[in-house]
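Since the structure comes first, as structure tokens, the remarks are kept for the end.
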Amino acid sequence: MKSRYTRYVMHLFLSFTASCVLCTSCFTLKYSTTGASIPPEARTVSVQYFQNQATYIEPAFAQQLTDAFRDYLQSNTNLVIVNDIGDLDFEGTITGYDTKPTAIVSGDIASQNRFTITVRMKFTNYIIPDQSFETSFSRYEDYSSTQDFENVKTNLTEKIQVLMIEDIFNRAFVNW
């Protein structure tokens, strides 16, 4: 009797396990720690070299931004970065890289300056074309007018770059 009961329980256990394996193999779940919503069919992404068409051109910035954006995509998605055109494609143009006074205290003297970077981004989603877009992204950081821009430029550029990349990523994949 015990042997028959054991076989019955074993049969139920194996049936349950087989059913679970069969059911889970039919579903795909895309999990992301960034909250990104990337089409499951998308396998590749491309980031074209950012063109620099700003009035003031910082020579190394275009390459820096391109590399940083590729690194961000590689760290935050499972997409393979390709050099030609991927399932998802990013093309960017740096249209603004400038500093202007923001807080005038007396006469023509500014107490604070604002450093702004603007990028025109074209995102093409070849899987779901309705999610494609072309728009400008702009970020700024303020700094004291007592500081020389050349001395704070690198730090400010890095801060803005991080925020801008997150904005572009969120617009493309988090649909805000």
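With respect to the numbered conditions (1) part of a helix (DSSP H, G or I); (2) modelled with pLDDT of 90 or more; (3) more than 13 Å from the chain's Cα centre (by Cα), which one is the sole condition not fulfilled by residue 18?
Looking at each condition in turn, residue 18 falls short on (2).
Residue 103 - would you say it is touching a Pro at 6+ places or on another chain (Cβ under 7 Å) and modelled with pLDDT under 95?
Judged against the criteria, residue 103 is not a match.
Where residues in segment 130-151 are without any contact (Cβ under 8 Å) to a residue 12 or more places away in the chain and in a helix (DSSP H, G or I), which of them is nearest to residue 89 (Cα to Cα)?
So, considering only residues that are without any contact (Cβ under 8 Å) to a residue 12 or more places away in the chain and in a helix (DSSP H, G or I), the one nearest to residue 89 (Cα to Cα) is 130.
Confirm whether residue 68 is at pLDDT 95 or above and among the small types (Gly, Ala, Ser).
So residue 68 passes the test.
Out of 81, 104, 85, 94, I need the residue that is closer than 22 Å to residue 162 by Cβ, surrounded by fewer than 18 Cβ atoms within 10 Å (Cβ to Cβ) and β-branched (Val, Ile, Thr). Which one?
81
Given the conditions (1) surrounded by 12 or more Cβ atoms within 10 Å (Cβ to Cβ); (2) modelled with pLDDT under 60; (3) in a helix (DSSP H, G or I), report the number of the one that residue 34 does not fulfil.
(3)
Pull out all pairs, ordered by first then second residue, where Cβ-Cβ is under 6 Å, the residues are six or more apart or on different chains, the first lies in segment 107-125 and is more than 30 Å from residue 37 (Cβ to Cβ), and the second is assigned to a strand (DSSP E or B) and polar (S, T, N, Q).
That search, which allows pairs on different chains as well, returns 112/102; 113/99; 114/102; 115/99.
Against the condition within 15 Å of the chain's Cα centre (by Cα), exposed (fewer than 14 other Cβ atoms within 10 Å of the Cβ), within 12 Å of residue 65 (Cβ to Cβ) and modelled with pLDDT of 95 or more, how does residue 119 come out, does it pass?
The answer is no for residue 119.
What are the residue pairs meeting all of these: first residue in segment 152-176, first residue within 18 Å of residue 130 (Cβ to Cβ), second residue part of a helix (DSSP H, G or I) and not charged (D, E, K, R), Cβ atoms under 6 Å, and 6 or more apart or on different chains?
Pairs found: 176/170.
The values are calculated or read from the model by the stated rules, or taken from the named source; none is laboratory data. Here the structure is a predicted model, which is why all the values come from computation and not from measurement. All Cβ positions, even for glycine, are placed from backbone atoms using ideal geometry, and neighbour counts span all protein chains on display.
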